[in-house]
Amino acid sequence: MTTFDTADDLSVRKQTIARHFANASDYDQHANVQQIVCHYLLDSIAHIKQSSVLEVGAGTGQMTRLLAEHIQSQHWLINELCSEQTATLQSILPTADVMIGDAETIDLAENHSLIVSANAVQWFDSPLSFVTQSAQRLQPGGQLVFSTFTPNNFLQIKTLTGQGLYYPDIDKWQLALDSAGFKNIELSIQRFDLPFPTPYAILKHMKLTGVSTNQTQVTSDDTQTFIWTKSRLQQFESDYWQQFSGKDETGQLVVNLTYEVLIVSAFKL
């Protein structure tokens, strides 16, 4: 077991992301969609026995736990942005090398038979570059399995505030995978509409799962700051009730938040 920590080399934006997740101490209690997605990814893995597994953006270890329970590998390399997760990840896979740092810029080695990333790639400065990097890191015949989100993710928030990360659409991911030489490409979209008692509860949920509600990324390289004021919050709540409310199975009035997830599986030629 070896731990490498390059967190000091993070860009300002990545430091901010790491800080949000470091403060999301109850992440696993609220990240139910993310946990479901991890099971989708596990089901997509073709072989139980692997020679070398790389997990990118392990977070609190939701996916790491499933890998430890169901996949056998001679070598494990676990990457995470947030140094506060080191001990947790090491406890899940004591034999793994844990590398803390920005997956876009650090050396995550090559010749892996499996690369997995759950709910992390959307935080990249250049999400599509993950495909090219993975092609370089995989051995021939190796599998890439990951999840990210579509442009419809948190559509209610985007509609009302203009806020949101930049999410490439499914066609851009398909093109990136084709261009990088992947084969047997499978892309599927899963949509989840989560009910909440109030719009404010939605903002609280997002914060508890590490999502800032104070920044909007309009394009892949254009980030703007969004400041909540009392009047803006009141308008947000009013508009949310008006546009995105409905009744749950019990007849209770609720507001919905949409998660739309892209699941990807592909093999290196």
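The values are calculated or read from the model by the stated rules, or taken from the named source; none is laboratory data. Quick caveat: nothing in here was measured; it's all calculated off a predicted structure. Here the Cβ positions follow ideal geometry from the backbone for every residue, glycine too, while neighbour counts run over all protein chains shown. These accessible areas exclude ligands, DNA and RNA; they are computed on the full protein's heavy atoms, side chains included. Shrake-Rupley method; radii C 1.70, N 1.55, O 1.52, S 1.80 Å.
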In debye to the nearest 20, the charge dipole size for the chain, taken about the Cα centre with +1 at each Lys and Arg Cβ and -1 at each Asp and Glu Cβ, equals 380 debye
Of the cross-linked pairs Lys158/Lys247; Lys14/Lys49; Lys14/Lys268; Lys207/Lys268, which ones have a Cα-Cα span greater than 25 Å in the structure shown? Lys14/Lys49; Lys14/Lys268; Lys207/Lys268
Computed over the chain: longest principal axis from alpha-carbon atoms vs helix 32-44 long axis, angle to nearest 10 degrees, is 30 degrees
At 7 Å along the Cα-to-beta-carbon direction for both Phe226 and Gln252, put a label point, then send me their distance in nm to one decimal. 2.6 nm
Nearest-ten-degree value, helix 170-179 long axis tilted from longest Cα axis of the chain: 20 degrees
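Apply 1/(1 + (r/R0)^6) to the Cβ-Cβ distance of Thr132 and Asn152, taking R0 = 25 Å, and write down the FRET efficiency to the nearest 0.05.
0.50
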When the helices in the chain are scored as -39500 (n - 2.57) per DSSP H run of 4 or longer and the sum is shared across all residues, what 222 nm value do you end up with, to the nearest 500 deg cm²/dmol? -10500 deg cm²/dmol
In the chain, taking the dipole from +1 charges on Lys and Arg beta carbons and -1 charges on Asp and Glu beta carbons about the Cα centre, the listed residue (Pro140, Val53, Trp241) farthest towards the positive end is Trp241
Report in % the part of the accessible area of the chain that belongs to carbon and sulfur, leaving out ligands and nucleic acids; probe 1.4 Å. 49 percent
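What's the magnitude of the charge dipole for the stretch 72-191 around its Cα centre, counting Lys and Arg as +1 and Asp and Glu as -1 at the beta-carbon? Answer in Debye, nearest 20.
Computed charge dipole of the stretch 72-191: roughly 360 debye.
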Helix 199-208 sits at what angle to the longest principal axis of the chain, using alpha carbons and giving 0 to 90 degrees rounded to 10? 20 degrees
Select one label from (i) 75, 47, 46; (ii) 54, 37, 37; (iii) 61, 40, 35: the one whose number is Cα extents along the principal axes in Å as derived from the coordinates shown. (ii)
Accessible surface, per residue, of the chain when the full set of protein chains is kept, probe 1.4 Å, Å²: 47 Å²
Along the dipole axis of the chain (charges at Cβ: +1 for Lys and Arg, -1 for Asp and Glu; origin at the Cα centre), the most positive-end residue among Gln72, Val254, Ile115 is Val254
